[in-house]
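Every number in this text was worked out from the coordinates using simple rules, so none of it is lab data. Just so it is clear, the structure is predicted and the values come from calculations on it, not from any experiment. Glycine gets a Cβ as well: all are built from the backbone with ideal geometry, and neighbour counts include every protein chain shown.
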Amino acid sequence: MNRCIVDRYVREYDKTNVITNPARLLTAGSTDEVTYIASAAAWNGSAYECYLCHSGFRTLVSLNRHLASPRHQAKVYLCPLTSCRKEFSTLSALCQHIESERCGVGKFRQVQNAMDSIVGRMGRLTM
């Protein structure tokens, strides 16, 4: 199981785009996950620098771990509350946003049902 499989699964079940951003799915909807890899050329004289966000890392391994994280992946999930619409690159980040109750989106029955449906089905996934 990886992020790409989870994203594909959520898109399959969120047909009405309650929590997925259809505009982002045009480019992020492919089955290919974008992979970034840094080489020794990322050394800037004092640190290994991410060429996307310019953060510095002490080791090349740390930089590549950063590049493999969701930090620079497309933000395909969004808060369904029209007054919020905050975007997220992972389903877990969206779940944390909903559970935090910062914008109050978790109070809406449609969101509760959609999240219960998606997260409930996740428990039945097997490799």
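Taking 0.36 nm per residue of separation and subtracting the Cα-Cα distance, full extension of the segment from V34 to F108 would add 23.3 nm.
Arranged from highest to lowest average of other beta-carbon atoms within 10 Å per residue, in what order do the peptides 12-18, 35-41 appear?
Values: 12-18: 12.9, 35-41: 11.1.
Packing order, densest peptide first, comes out as 12-18, 35-41.
The slack in the chain from C84 to R65, taken as 0.36 nm per residue of separation less the alpha-carbon distance, amounts to 3.8 nm. Available extension along the chain between L52 and C4 is 15.2 nm, counting 0.36 nm per residue and deducting the alpha carbon span.
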